[in-house]
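Please read the structure below before turning to the comments.
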Amino acid sequence: MIDNALFNRYEGLIFDMDGTLIDTMPVHARAWGMVGEQFGYEFDSRIMYQLGGASVRTIAAAIMQKAGMPQARLDEVVAAKRALSYQLIPTESKLLPTFEVVRHFHQQKPIALGSGSHRYLIDVLMDKLAIAPYFNAVVSADDVMEHKPHPETFLRCATLIQAEPTRCIVFEDADLGVEAGLSAGMDVFDVRTREIIPAR
């Protein structure tokens, strides 16, 4: 159990999605392996965990490089991964314990979702899990120019929920997301350690 009292002092709460609120990471890993098989390469899905929070394109480029696959096929790989994700993730994902924080503060504080996933997948998952009403704002990979570890995702969340960035806390499960939150001037709750990392 996470102690909700830890977050009373914050004006706004901002949550990452994959691996923080929704258990999608094992499915993403399996999808990367399946995409590699489609193209005849062995894809190392551990790279996805190392780059958690990055865009699909960034992850694909890194996985392809390690597998020795020509970068000229990047668009094909990204398209194949998206298609598999849209097929697998909605049927195999479930809420993680961090969602209890969202449920607790619903209608008490403004809450935003700041994800590196694309809007379509976010919408599908929110619909399947019936969680859209809990969020005052959603920022997807389609809504920003710069992805994590750049702070744009979380700064845009703060703007949309009309909260001062320094009065927000970000909930994250990946190093790039933690870096993005701290760079935005926000404290970060690392769900892996269950500790608050203060902004620089």
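The values are calculated or read from the model by the stated rules, or taken from the named source; none is laboratory data. Since the model is a prediction, treat every value here as computed from it, not as a measurement. Cβ atoms come from the backbone with ideal geometry, glycine included; neighbour counts cover every protein chain shown. Side chains are part of the model used for accessible areas, which takes the heavy atoms of the whole protein and leaves out ligands, DNA and RNA. Shrake-Rupley method; radii C 1.70, N 1.55, O 1.52, S 1.80 Å.
Key figures for this structure:
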{"read-out": "Cα-based Lys proximity count in region 50-163, under 25 Å, for pairs eight or more positions apart or on separate chains", "value": "10"}
{"read-out": "Where N is the number of residues in region 156-198, Cα Rg divided by 2.2 N^0.38 Å", "value": "1.07"}
{"read-out": "Centroid-to-centroid separation of region 122-196 and region 41-63 [C-alpha atoms, Å]", "value": "20"}
{"read-out": "Tensor-based shape of region 86-152 (alpha-carbon gyration tensor, a/c under 1.5 rounded, otherwise prolate or oblate)", "value": "oblate"}
{"read-out": "Mean accessible surface per residue for the chain, computed with a 1.4 Å probe while every protein chain stays in place, in Å²", "value": "46"}
{"read-out": "Shape of region 122-169, Cα gyration tensor, a/c cut at 1.5", "value": "oblate"}
{"read-out": "At q = 0.15, 0.31 Å⁻¹, base-10 log of I(q)/I(0) for region 75-125 (Debye sum, equal scatterers on each alpha carbon)", "value": "-0.56, -1.22"}
{"read-out": "Mean residue ellipticity (222 nm) of the chain, computed from DSSP H runs ≥ 4 via -39,500 (n - 2.57), nearest 500", "value": "-13000 deg cm²/dmol"}
{"read-out": "Dipole magnitude of region 21-77 about its Cα centre (Cβ charges: Lys, Arg +1; Asp, Glu -1), debye to nearest 20", "value": "120"}
{"read-out": "Separation of the Thr166 and Asp127 label points, Cα + 7 Å toward Cβ, nm", "value": "4.2"}
{"read-out": "Apportionment of accessible area to carbon and sulfur, the chain, percent (1.4 Å)", "value": "51"}
{"read-out": "Asp142 - accessible surface, heavy atoms, 1.4 Å probe, Å² rounded to 10", "value": "90"}
{"read-out": "Mean separation of Cα contacts under 8 Å (6+ apart) over length of region 50-200, as relative contact order %", "value": "21"}
{"read-out": "Quarter of the Cα convex hull surface for region 114-200, i.e. its orientation-mean projected area (nm²)", "value": "5.5"}
{"read-out": "Accessible area (Å², 1.4 Å probe, nearest 10) - Tyr134", "value": "50"}
{"read-out": "P(r) histogram, all alpha-carbon pairs of region 39-159 included - 10 Å bins from 0, percent", "value": "12, 37, 35, 13, 3, 0"}
{"read-out": "Separation in nanometres of the label points that stand 7 Å from Cα toward Cβ, at Ile2 and Glu146", "value": "2.6"}
{"read-out": "Thr58, Thr153, reordered so the largest accessible area comes first (probe 1.4 Å)", "value": "Thr58, Thr153"}
{"read-out": "Radius of gyration, Dmax [region 1-80; alpha carbons; angstrom]", "value": "16.4, 52"}
